[in-house]
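Here's the structure we're looking at; comments come further down.
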Amino acid sequence: MDATSTAGVLHPYWPRDLLIPTYVANNRSMSEILAFLFSVSGVFLLVTWLITGRRGSRLGTWRRLAVCWFAVCGFIHGVIEGWFSLYYDAIPGDQSFLSQLWKEYSKGDSRYIIADNFTVCMETVTAWLWGPFSFWAVFAFLTNKPYRFVLQLVISVGQLYGVVLYFFTEHRDGYAHSELGHPIYFWFYFVFMNVLWVVIPLVLVVDACRQLSTAQAHTDKFKRN
């Protein structure tokens, strides 16, 4: 998979003539990196599921799954994407675990390894807004705060907007930053791992709108009486 850049540095990224002079190959395998990502995400999901199912909880199955989603989002946005937003310049040559995770993911989208302006800006907004807001949403649902569906709507719209721009900008670039059609790097890394932030936020936007509309209808009825 490696190719030689114009600086003579071997790298596995597309386009093949991409200049990454500080790049150092990962010393951790794909399986190690993915195992970390999915195991930690799984822990967040499991712990949140157990917390939301405690005795006296008013949350149904669907709502518990939504809260679990926000917990996982808090981890991914705040920690993983937060790392990128802080250290994007150093990632190509850095061997810290999270830097290696980003170097692995960049095989599906090399905009990350070259710190493309769009990805830096988009990930910074995602990390420092939707990360903390996601944890706030978990708290709001666990404590039955009246603004919980407002948070759900704001976070989900923000996520949806970001990922639509993410896909659309790459589409306009002709999918030049990945090996188009590759089963892992294109379809799993680039498509599947991001399309989740289209489907789930879209469902949550519809759900929040219904909840808020119902609440407003009750308010309007009360005012008329």
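Listed by chain and number, the lysines placed with their C-alpha closer than 29 angstrom to that of LYS145 are LYS221, LYS223; residues fewer than eight positions away on the same chain are left out.
Could you give the longest part of the chain that holds none of the trypsin sites (Lys or Arg not before Pro) found in DSSP loops with at most 16 neighbouring Cβ atoms within 10 Å?
Result for the longest clean stretch: 59-225.
Net charge dipole, segment 30-224: roughly 1500 debye, given to the nearest 20, about the Cα centre with Cβ charges of +1 for Lys and Arg and -1 for Asp and Glu. Stokes-Einstein, applied to the Kirkwood radius of segment 13-121 over Cα pairs at a viscosity of 1.002 mPa s and 20 °C, places its translational diffusion at 138 µm² s⁻¹.
With springs only between Cα atoms under 10 Å, which of THR126, THR143, THR214 fluctuates most in a Gaussian network model of the chain? Largest GNM mean-square fluctuation: THR214.
So, R0 is 45 Å and r is the distance between the beta-carbons of THR124 and LEU10; what FRET efficiency does that work out to, to 0.05?
0.90
Pop the C-beta distance of ASN144 and LEU46 into the FRET formula with R0 = 35 Å and round what comes out to the nearest 0.05. Rounded to the nearest 0.05, the efficiency is 0.95. Taking every protein chain into account, the accessible area of the chain amounts to 52 square angstrom per residue (probe 1.4 Å). Across the chain, counting alpha-carbon atoms alone, Rg and Dmax equal 20.0, 77 Å. Before rounding to the nearest 500, sum -39500 (n - 2.57) across all DSSP H runs of length at least 4 in the chain and divide by the residue total; then give [θ] at 222 nm in deg cm²/dmol. Computed ellipticity for the chain at 222 nm equals -19500 deg cm²/dmol.
For segment 86-158, the list of chymotrypsin sites (Phe, Trp or Tyr not before Pro) that fall in a loop by DSSP and count at most 12 other C-beta atoms within 10 angstrom reads TYR147.
At a 1.4 Å probe radius, carbon and sulfur cover how many percent of the accessible area of the chain? In the chain, the share of accessible area belonging to carbon and sulfur is 67 percent.
Each residue, PHE38 and ARG172, gets one label point 7 Å from its Cα in the Cβ direction; the gap between the two is 3.4 nm.
The values are calculated or read from the model by the stated rules, or taken from the named source; none is laboratory data. What you are looking at is a predicted structure, and each value in this text was computed from that prediction instead of being measured. Cβ atoms come from the backbone with ideal geometry, glycine included; neighbour counts cover every protein chain shown. Protein only, heavy atoms only, side chains kept; ligands, DNA and RNA dropped before computing areas. Shrake-Rupley method; radii C 1.70, N 1.55, O 1.52, S 1.80 Å.
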